[in-house]
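Visitor: Sharing a structure with you now.
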Amino acid sequence: MCAVWLRSVRPNNIHQRLKKCGFQEGGEGHVNIDFSKYATAFLLQARETHRLTQRAVNQMVSGVQQYQAALLEHLKHQMSNMIETHSGDLGQLKSDVMGVFDQFNDPFSQIATTHLQDKKIKELLQPVEPEMIISKNTGIWS
């Protein structure tokens, strides 16, 4: 719900809408994000829109936490490698760090539709397709 707002924001309204979504402006032009509020709104919307059980909501939370942990670990690794190979030029380091984020690909774009989800599941997980096998023919005789 906040994401939709933020996509269509005019520059003069952005600070008001950010505050409504749980984003607060910090010092030096930084934006502090209340991730807890955003996550709660996401779960509430999903639960109410799709009438999810509490078990389904808990599984969503667990899945998002696992995804977040993997993403952060990947970013830490990239940042660590970048800092180790840093030549001392802070401008270049900042540019390289921003490049990591610019190159980030949204993994959900590859599974945004039912068709893409089915295709990706078959590609990655190779599920067993059900097959009907008739083992014995029985008939009713009158």
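Bear in mind these aren't lab numbers, they're just calculated from the coordinates by the rules spelled out. Predicted, not measured: the structure shown is a model, and the values here were computed from it. For neighbour counting, all protein chains shown are included, and Cβ atoms are generated from backbone atoms with ideal geometry for every residue, glycine included.
Visitor: Under the rule of at least 5 residues apart or a separate chain, name every residue whose amide H is placed under 5 Å from the amide H of Ile33.
Guide: Placed amide hydrogens put Gln24 under 5 Å from Ile33.
Visitor: Between Gln45 and Leu71, what's the calculated FRET efficiency when r is the beta-carbon distance and R0 is 22 Å? Round to 0.05.
Guide: 0.50
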